[in-house]
Amino acid sequence: MTRSLSGGAPRPDPGRPRVQNATGDPDAAIRARGLSKVYRSQWTLKRTVALADLDLEVRRGEVFGCLGPNGAGKTTTFKILTGLLRATRGAAWIMGVPIGDVASRRPLGFLPEQPYFYDYLTGHEYLAMVGQLSGLQRHDADTRARRWFERVGLGHRPRLMLRKYSKGMLQRLGLAAALLHDPEVVILDEPMSGLDPFGRRDVRELIQEQRASGVTVLFSSHILPDAEMLCDRAALLFGGRVQRVITLGELQKQGIQHVEIRLEGAPILEVPPPWSGRVEREAHGAETVLRVEGADLAQDVLRWVMERGARVLAVEPQRGSLEGLFIAAARQVDASGRDGEDSQRRSA
Amino acid sequence: MIVVVLAQNTFREVVRDKVLLGTVAFGLALMLLTRLLSPLVLGEDLRLTVDLGLSSVTGFGMLIVVMVGASLVGKEIDRRTIYNLLSRPVARPLYLVGKWMGLCAALWVVALMLGAGLQAILLWIAGTSRLLPVLSGIYMAGLELMVMASLAVLFSALSTPVLSALYTVAFFCAGSWSYDLRLFAAKFPPVLASTIEVVAGILPNLPLFNVRTLAADGLSPPPFHFAFATLYALLYAGCVLSLAAIAFETREFK
């Protein structure tokens with residue numbers, strides 16, 4: 001079964017302004033093809049591209065991370081998928097149902113970024129209400145509201161009005177609201193935002209629980225170690241495009257990428273020319289840190305520094321990390337942006 | 001089912017708002033004040049109390065429509081609470097209908113509370129309740145408020161709370177003078193007159209709901225008038241909500 005992020009799927013007619021009604025891949029929980037969103041200023045008519053031909057496929061039962069800097073298009077993607085925004089171009093499906101159809105939101109649970117709630121309701125009233133709006137019967141919604149209220153750690157203040165909730169409490173309530181109707185697909189926009197370390201741990205556990213029960217989770221986060229811990233796959237978004245999709249399992253299987261050698265005693269002011277580009281040097285007070293590419297070269301570098309009388313404090317092998325890949329992708333985007341500007345200037 | 005849940009939530013929102021409680025209290029206080037005016041109206045104090053009491057029902061109901069209703073949808077968009085509703089399997093037209101129904105329910109509660117207050121005052125002043133005329137006046141005021149609530153929901157779905165409040169007040173004033181506007185049209189050349197007629201037709205026909213003078217005289221309108229006014233109110237609100245639904249369908253929430 002091919003589940004690549006591009007190619008293979010029929011492209012939507014670019015002339016159609018709205019998300020079209022076509023059959024989505026039933027194996028994919030979420031599928032987007034050529035999703036674009038362009039905003040036009042009412043006064044200046046200036047166009048701002050928020051999403052540019054975004055292709056995305058989230059498999060059933062996986063935890064998929066959307067990672068990217070602010071303005072990369074994560075929230076815009078989520079809002080299009082949940083029907084809050086209309087795509088300028090492209091198509092998307094949730095569990096095979098086109099997102100233009102209200103039925104596509106039946107199997108969906110959504111936590112918006114910085115969720116806002118009704119001040120005049122209690123937490124329990126709010127959960128019971130959104131449960132009914134998600135299709136639960138009144139009694140069922142009420143029972144589940146009570147259970148989820150306890151589950152997210154808010155059970156001790158059942159009659160507290162939402163206006164008196166702290167930011168962390170509201171985030172927990174938002175999570176409960178996204179999950180209480182047992183959705184098949186959950187979209188969480190920055191679920192860790194505003195939470196203390198205990199709250200973050202609870203959210204991680206909730207996401208892991210969802211994965212264990214076969215729920216598909218799509219979430220965005222700025223906290224890369226959390227994403228690394230949770231995701232099966234992650235898409236790196238820059239400038240409204242998917243720059244790269246990473247399978248986290250493969251990342252962990254990768255061998256040693258770099259070796260960090262920390263030393264002191266003899267100053268290493270420069271590395272020999274044959275190693276330039278493969279060995280990076282940083283000075284931290286009396287300490288020098290050499291970042292060496294690959295384990296084989298590290299042996300030669302170690303021998304060389306010891307011959308020079310330096311005292312080796314630590315040798316730390318570094319495997320590939322999500323953060324490393326994220327920064328590399330960001331640099332690549334920066335460089336290609338600069339190249340683009342240069343070529344535009346030259347042609348001008 | 002979804003409409004009822006949304007209506008319940010809106011009803012809670014309006015009822016738990018301090019504006020509602022303040023409005024009802026102020027309305028009742030104003031009715032009591034009519035007692036002070038009785039020496040000035042030479043034995044017409046019963047008429048005055050009924051007239052002012054029923055005017056209070058419309059006036060304070062409109063105050064709630066403007067202060068709460070006109071920001072009903074706009075506030076949800078500003079505060080982003082709408083994200084939690086429309087990201088669920090809730091069709092946008094149903095959302096608007098639910099909002100309108102909840103607001104109407106709250107307005108009926110206000111009308112009935114003020115009506116009950118008016119009855120109590122009438123019993124106190126004259127030892128008579130004028131039950132039927134007052135009830136008919138309150139029913140008509142409730143229908144009038146339902147029509148105005150639909151307009152408030154329309155404007156609220158399309159613009160900011162302040163503008164929406166201004167449009168609602170403007171439509172209330174223009175709608176209250178729609179008969180005069182038609183009489184005024186007759187004085188103009190045919191083309192202009194028919195344009196004014198069209199405008200008057202678009203405006204809500206609020207004088208249809210005004211039975212205050214009749215009620216003050218201890219009379220009620222004939223049953224046909226009730227039926228016609230009810231049908232008109234439901235049709236007008238239906239048309240306005242359909243317009244709102246069409247416009248709201250394409251609205252984006254950035």
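Values for this structure:
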{"read-out": "Point-charge dipole on Cβ atoms (K/R +1, D/E -1) for the protein assembly as shown, about Cα centre, debye to 20", "value": "640 debye"}
{"read-out": "Over 28 Å (Cα to Cα) - which of A:74/B:75; B:99/B:254; A:37/B:75; A:74/B:99; A:167/B:18; A:74/A:164 fall in this group", "value": "A:74/B:99; A:74/A:164"}
{"read-out": "HN-Hα J in Hz across the stretch A:231-240 - Karplus 6.51, -1.76, 1.60, θ = phi - 60°, x for Gly and Pro", "value": "6, 7, 9, 9, 9, 9, 9, 9, x, x"}
{"read-out": "Simple spin-label estimate for residue B:55 and residue A:264 in nanometres, 7 Å along Cα-Cβ", "value": "9.0 nm"}
{"read-out": "Point-charge dipole on Cβ atoms (K/R +1, D/E -1) for chain A, about Cα centre, debye to 20", "value": "1340 debye"}
{"read-out": "In nm, spacing of pseudo-spin labels at residue A:336 and residue B:195 (7 Å Cα→C-beta vector)", "value": "5.8 nm"}
{"read-out": "Helix B:92-126 axis, angle to chain B major axis (alpha carbon atoms, nearest 10°)", "value": "10 degrees"}
{"read-out": "Percent antiparallel among DSSP beta bridges (both partners in the protein assembly as shown, rounded to 5)", "value": "70 percent"}
{"read-out": "Inter-label distance for residue A:60 and residue A:276, nm, one decimal - labels placed 7 Å from Cα along Cα-to-Cβ", "value": "5.7 nm"}
{"read-out": "Dipole of the stretch A:26-66, positive end: most advanced residue of A:44, A:64, A:34 [Cβ charges, Cα centre]", "value": "A:44"}
{"read-out": "Student exercise, the stretch A:122-277 dipole from Lys, Arg, Asp, Glu Cβ charges, in Debye to nearest 20", "value": "640 debye"}
{"read-out": "Chain A: angle of helix A:322-347 to the longest principal axis, Cα-based, in degrees nearest 10", "value": "80 degrees"}
{"read-out": "Rounded Å value of the spacing that divides the Cα centres of the stretch A:281-335 and the stretch A:63-95", "value": "37 Å"}
{"read-out": "For chain A, share of DSSP beta bridges that run antiparallel, in % to the nearest 5", "value": "70 percent"}
{"read-out": "Relative contact order for chain A, counting Cα pairs under 8 Å that sit 6 or more residues apart, in percent", "value": "17 percent"}
{"read-out": "Degrees, to the nearest 10: A:197-212 long Cα axis against longest axis of chain A", "value": "70 degrees"}
{"read-out": "Modelled label reach - residue B:38, point 7 Å along Cα→Cβ, the stretch B:128-172 residues with backbone N closer than 12 Å", "value": "B:128"}
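Every read-out reported here was derived from the displayed coordinates using simple, explicitly stated rules and does not represent laboratory data. Keep in mind it's a predicted model, so treat the numbers as computed, not measured. Because the Cβ atoms are built from the backbone with ideal geometry, glycine has one as well, and the counts that use them run over all protein chains shown.
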